[in-house]
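Starting off with a structure, shown below.
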Amino acid sequence: MSTQTDTRKKVTVRRLAEMKQAKEKIACLTAYDASFAQLLEKSGVDVVLVGDSLGMVIQGEETTLPVSVEDMLYHTQCVARGLTNALLITDMPFLSFTSIEEAVLNAGLFMKQGGAHMVKLEGGVDQAETVAALNKNGIPVCAHLGLQPQYVHKIGGYRVQGRDEVAAGKMIADALTLQEAGADLMLLECVPASLAGKITEELDIPVIGIGASADCDGQILVLYDILDISFGIRPKFSKSFMSSSNSIEDAVKHYVTAVKESEFPAAEHVFS
Ligand code: KIV
């Protein structure tokens with residue numbers, strides 16, 4: 001669908017690795033439809049995530065748990081039609097990867113029928129075999145550590161993870177194991193800034209932060225949070241870029257520039 005003349009290089013797994021090497025920050029945002037995808041593409045966003053946050057921001061649910069494979073596939077297809085060069089990641093929704101077979105089948109659907117270039121899945125070392133199987137089948141993976149919203153009932157709410165020494169050590173070990181299993185990208189959500197910085201330094205693969213650290217190789221936020229149209233209270237780690245902009249496109253461009261120039265996240269958006 002995109003009619004843009006875009007001279008940007010295609011963002012690939014390889015390009016993301018080069019960006020980490022070159023210390024070029026990676027700007028990522030979520031999107032759920034073709035129009036916003038096209039606007040993000042035009043504004044220089046490198047990576048677009050069809051997040052299962054769509055359960056909340058699109059469907060009005062309280063958590064991401066009700067989101068289905070069919071929902072993710074539909075929104076991935078919509079977003080793919082709006083993109084030209086950005087890398088498209090699709091979240092594996094709750095209980096869509098309970099076995100290796102199920103994970104490969106569902107991730108395969110997102111790639112074959114959805115047009116995704118990578119899938120993201122929550123979980124630590126317990127997911128290493130699944131990551132290895134996806135890797136073996138040619139499916140790039142973004143691992144997701146720190147706060148994992150699909151575990152909200154298990155952890156008793158949305159809270160910062162890895163604050164004590166044991167939990168921090170486990171997160172570092174999980175990150176290294178997932179990288180070893182073949183993950184191409186790592187997302188860290190709600191992690192103390194010092195720990196996120198350490199993981200970013202230790203990993204060879206790029207690390208994307210949300211409520212993590214300005215030292216991460218890139219940043220991601222939920223699109224509706226930066227546009228100030230999300231339900232409820234905006235999380236501490238997020239920022240409205242709408243208040244200082246004249247249009248939605250302007251706000252997205254400001255976000256991209258702020259990430260690229262390491263102006264976002266500022267101290268008030270990260271945790272100690
Ligand atoms: O679902 C989502 O949008 C996410 C982001 C918060 C990173 O996982």
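Can you tell me which residue in the stretch 134-156 is farthest from Gly218 (Cα to Cα), limited to those that are open to solvent by 20 Å² or more (accessible area, probe 1.4 Å) and among the small types (Gly, Ala, Ser)?
By that ranking, first place goes to Gly156.
Which ones in the stretch 84-102 are touching a helix residue (DSSP H, G or I) at 6+ places or on another chain (Cβ under 8 Å) and among the acidic types (Asp, Glu)?
Selection gives Asp91 alone.
Taking Gly115, is it over 19 Å from Gly211 (Cβ atoms) and modelled with pLDDT of 95 or more?
Yes; evaluated as a whole, the condition is true for this residue.
Among the residues of the stretch 184-233, count how many are at pLDDT below 95 and over 18 Å from the mean Cα position of the chain (by Cα).
Final tally of qualifying residues: 5.
Kindly list, by first and then second residue, each pair from a residue in the stretch 41-54 that is touching a residue at least 12 places away in the same chain (Cβ under 8 Å) to a residue that is within 10 Å of the ligand (Cβ to nearest atom) and among the aromatic types (Phe, Trp, Tyr), limited to pairs with Cβ atoms under 7 Å and residues at least 6 apart or on different chains.
Val50/Tyr32; Leu54/Tyr32
Examine the stretch 103-125 for a residue that is polar (S, T, N, Q), assigned to a helix (DSSP H, G or I) and over 23 Å from Gln21 (Cα atoms), and state whether such a residue exists.
The answer is yes; a qualifying residue exists.
May I pose another question? Taking Arg234 as meeting all but one of (1) without any contact (Cβ under 8 Å) to a residue 24 or more places away in the chain; (2) within 16 Å of the ligand (Cβ to nearest atom); (3) over 24 Å from Asp46 (Cα atoms), write down the number of the exception.
Unmet condition: (3).
Out of Ser240, Ser194, Ser230, report the one residue that is polar (S, T, N, Q), open to solvent by less than 20 Å² (accessible area, probe 1.4 Å) and farther than 14 Å from Cys28 by Cα.
Ser240
Here is a follow-up. Filter the stretch 73-113 down to residues that are small (Gly, Ala, Ser) and surrounded by fewer than 23 Cβ atoms within 10 Å (Cβ to Cβ) and give me whichever is nearest to the chain's Cα centre (by Cα).
This residue is Ala80.
Just to be sure, is Leu65 in contact with a Gly (Cβ under 8 Å, 6 or more places away or on another chain) and outside any helix (DSSP H, G or I)?
yes
Another one. I need the full set of residues from the stretch 212-222 which are in contact (Cβ under 8 Å) with a residue 40 or more places away in the chain and either surrounded by fewer than 22 Cβ atoms within 10 Å (Cβ to Cβ) or near the ligand (Cβ under 9 Å from one of its atoms) (or both), in order please.
Once the filter is applied, which keeps residues that are in contact (Cβ under 8 Å) with a residue 40 or more places away in the chain and either surrounded by fewer than 22 Cβ atoms within 10 Å (Cβ to Cβ) or near the ligand (Cβ under 9 Å from one of its atoms) (or both), the stretch 212-222 yields Ala214, Ile220, Leu221, Val222.
The values are calculated or read from the model by the stated rules, or taken from the named source; none is laboratory data. Note that the structure is a prediction, hence the values are computed from the model and not measured. Because the Cβ atoms are built from the backbone with ideal geometry, glycine has one as well, and the counts that use them run over all protein chains shown. To get the accessible areas, we keep the full protein, side chains included, count just its heavy atoms, and leave off ligands, DNA and RNA. Shrake-Rupley method; radii C 1.70, N 1.55, O 1.52, S 1.80 Å.
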